[in-house]
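Before any comments, here is the structure.
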Amino acid sequence: MCGAEGIRSVYRMLPCADHKIATILTTVLNKTTTVSNKVTSTPFYKFYDTTLEVFDMIDHCKELVRYFKPTNLQNSLKTTLKQENATRWNSLLRLLESVVGNYEDMTNILVGRTANRAILIVKIDRQLLEELARFLRPFQAATLKLEKILEPTLHLVPFERHSLIERCEIRTVPLQVVDSSGKKNTIPPDSAGIRGIKKLVKEVLREKWELDDVHVQATLLDPRQKDRLDLFEVPVAQIKRAQSGVRRMMLTVGARVEGEVRKEGFIEVVSEKERSPRPLKKRKVDETKPRTGLCSSDEEDKDIDVAAGNASLTSEEQIQKELDYYWSLKLTKDEKRSFEILAWWKAKGVAVKTVEQQLLLPPLPIMARVARAILSVSASSSKSECNFFDAGNTITKKRNSIKPSVVNDVLFVRSNKDLAVYDCSILDICNPSENDCSQSEPDRSRKLFPSEPTNFAE
């Protein structure tokens, strides 16, 4: 939404993962049209001949919902029926689930109707309906997981893609599952119709959803997944290319970080103030005859520390040291349970100033900077589009003719409208019925910021 005026030549576009999922499902399950001699054909299913029973069942469900909507029969149902919406993601799943949840109630209503309306529900294969809804739920879950805006999502794309591919595997044996209430249920093997749908979705998914190198780089910067990319069907050549890309980025920022690293003390050792002096010996020792003691003396330790401080690592040596440590890093079980990727990299970017901390918690200042830069990229553009639609600008002539710079301004104002509301609330501190403020300035500040001191000079 902001690609114009030379921006596309500077920044590379990263396709939205949620749009990829929606495209895969609509390609297989939605109707399409063709144009011949400027004449548009009637909508048809592209793969109808492959699994006609599934597409017929979808049409029967749509027909059933269309019958209940105008006649207000859905007022007798526990939940409302949902219609498919071409501009809404996974709207077919919402339609199918609404029919599944009201199947028995709709059957009872249609049996009592005249003109043999029960045929509308009889034509629907309930088992096939539940199978298709069960198959589409993981796609909805992946969409919601990748559209988060306050959490990193780019590193989840390879795993979610592979997880959906696994969902497309044909199952020939019953499956025992436990629902949220703890009840065990048996899911029968896939029917012939679902097998055909799974095969089609799997082929289209591999064709239309290819991983970008930045997806692999983000996954490599997740300590939980860095050694599992081969299990996600990521080619070895792409993994090596992503590793080289991470190293190049570290070399780019290494020169800038090197000065900060030295200043913040990543390579510092124990200072003289932190060292506890040992008591001097009372007996005199002939200094002309040095002796070899059991342990080093204070003077020898000082010489070693000075030599270590002078032999600081170069930028390339520091990068190689960070890479060697990170690639061999293994998280514990407790760390995996409570792992938060941004907090983890923030901790790795903090300076440590003692030898013990350097051994136990080696800092990764350069890699942490690169990780934050990559993980800041969102896997989905749905949030920015939602902001634009919330601002009241739908697909109209206004949106098509508006300049990209104006679009950015509209999105900025929309995203920060809460700040404007908060600023306006300052006027409500005083009593509206009074002409002047009855509270002094410190009291008003205390009411606005109760946890901060009123004297900002302090």
Q) What's the number of the condition Thr143 fails, among (1) without any contact (Cβ under 8 Å) to a residue 60 or more places away in the chain; (2) under 30 Å from Trp345 (Cβ atoms)? A) (1)
Q | Count - residues of the stretch 66-87 that are buried (at least 18 other Cβ atoms within 10 Å of the Cβ) and of a type in the set (A, V, I, L, M) | A | 1
(Q) Go through the stretch 178-204 and report how many residues are assigned to a strand (DSSP E or B) and loosely packed, with under 10 Cβ neighbours inside 10 Å. (A) 4
Q: Return the pairs, sorted by first residue and then second, in which the second residue is assigned to a strand (DSSP E or B), the first residue lies in the stretch 175-187 and is in contact (Cβ under 8 Å) with a residue 40 or more places away in the chain, the beta carbons are less than 9 Å apart, and the residues are 6+ apart or on different chains.
A: Ile187/Leu175; Ile187/Gln176; Ile187/Val177
Q: Sort through Asn30, Asn90 and tell me the only one that's surrounded by 11 or more Cβ atoms within 10 Å (Cβ to Cβ), at pLDDT below 90, within 22 Å of Phe135 (Cα to Cα) and within 35 Å of the chain's Cα centre (by Cα).
A: Asn90
**Q.** Leading residue by the ranking (modelled with the highest pLDDT) among those in the stretch 65-79 that are under 37 Å from the mean Cα position of the chain (by Cα) and either more than 15 Å from Leu120 (Cα to Cα) or of a type in the set (A, V, I, L, M) (or both)
**A.** Val65
Q) Name the residues in the stretch 89-103 that are farther than 14 Å from Arg126 by Cβ and out of contact with any helix residue (DSSP H, G or I) (no Cβ under 8 Å at 6 or more places or on another chain), would you? A) Ser91, Arg94
Q: Given the conditions (1) farther than 30 Å from Trp344 by Cα; (2) in contact with a Lys or Arg (Cβ under 6 Å, 6 or more places away or on another chain), report the number of the one that Pro138 does not fulfil.
A: (1)
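The values are calculated or read from the model by the stated rules, or taken from the named source; none is laboratory data. In this text, all values refer to a predicted model and were calculated from it rather than measured experimentally. Here Cβ is always computed from backbone atoms with ideal geometry, including for glycine, and neighbour counts include all displayed protein chains.
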